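Only one structure is covered here, and it is reproduced in the block below.
Nothing in this text is a laboratory measurement; each read-out follows from the coordinates by a stated rule. Keep in mind the model is a prediction, meaning the values are calculated, not measured. Cβ: placed from backbone, ideal geometry, glycine included. Neighbour counts: every protein chain shown.
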Amino acid sequence: MADNDSRQGKSYFNKAILDWTAAVHAPHDAGLQQAFDAPARHGLPPIQVAPSEGKLLELLLRLAQARTVVELGTLAGYSTLRLARALPAGGKVYSLESDPRHAAIARDNVAAAGLSAKVEVLEGKALDVLPSLEAKGPFCAVFIDADKENYDRYGRWAAAHVRTGGLLLGDNAFLFEELLDDTPRALAMRRFHEEARAAFDTVCIPTPDGILLGVKR
Ligand SMILES: C[S@@+](CC[C@H](N)C(=O)[O-])C[C@H]1O[C@@H](n2cnc3c(N)ncnc32)[C@H](O)[C@@H]1O
């Protein structure tokens, strides 16, 4: 479709269409469904990635033949499972989570999905925990989905610790329609976008809230 027609700028997102296409292309088995439902069941915020976004993460990791992934922001482990499913035997997701209750629920969901051998949930603020992972790098991918104020710092860490050809993935890259605002977290998110270009070949995928994808040079 040409983008210079009268529809330019119009959003085509429609919940019924998103739900239908997710059911066709990104269905849940029992493990994924348990993790996806866990925030609502446990009174956590329902801020996990959508099913199609989770499947996109899974496919991108498979395309990159990823074996090791660092995830920032576990919540109840839904995206963690999507990442882990993409890895071969012996692969590992290190998922960082600052809230001990979220981490405990995520570990239960990972175990229920039979993926504990591929996942370590590490508790603590990401900036405190990341240095302890550095000796295990370079990593095949970093998926950023934690506090938005620190995305620029997380992006710098990824630039230093992702292997050539590895992936940078950043959720909420449109920052809930606040990306162009004059706030500390909008400035941090714009720095994340701009600085990522130096180390990665990048695109911002226009999912409902944007996913920044970079391939390490
Ligand atoms: C959007 S949720 C993650 C959703 C998850 N990636 C998914 O899609 O299933 C963000 C998570 O990051 C955690 N978080 C917030 N600040 C953090 C920090 N500084 N370090 C690590 N985790 C953090 C929150 O407790 C929350 O569980």
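For the stretch 180-217, the residues whose amide N sits under 19 Å from a probe point set 7 Å from the Cα of T21 along the beta carbon direction are 203-213.
How large is the helix-only mean residue ellipticity at 222 nm for the chain, computed as the sum of -39500 (n - 2.57) over DSSP H runs with n ≥ 4, divided by its residue count, in deg cm²/dmol to the nearest 500?
It comes out at -13000 deg cm²/dmol, rounded to the nearest 500.
One quarter of the convex hull surface, Cα atoms only: what value does that give for the stretch 100-217 in nm²?
On the way: hull surface 31.9 nm².
Across all orientations, the stretch 100-217 yields a mean hull projection of 8.0 nm².
Over the chain, with a single point scatterer placed on each C-alpha, what log10 of the ratio I(q)/I(0) does the Debye formula yield at q = 0.07, 0.14, 0.19 1/Å? Debye output, listed in q order: -0.20, -0.84, -1.55. For L122, the residues 5 or more places off, or on other chains, whose built amide H falls under 5 Å of its own are S95, L96, E97.
Give the order of T164, T21 when sorted by the count of other beta carbons within 10 angstrom, beginning with the fewest. Can you show the working numbers first?
Values: T164 8, T21 12.
With the fewest neighbours first, T164, T21 line up as T164, T21.
Exposure proxy shown here: for C204, C140, the number of other Cβ atoms within 10 Å sets the order, fewest to most, as C204, C140. Taking chymotrypsin sites (Phe, Trp or Tyr not before Pro) in DSSP loop conformation with at most 11 other Cβ atoms inside 10 Å as exposed sites, the chain has its longest uninterrupted site-free stretch at 14-217.
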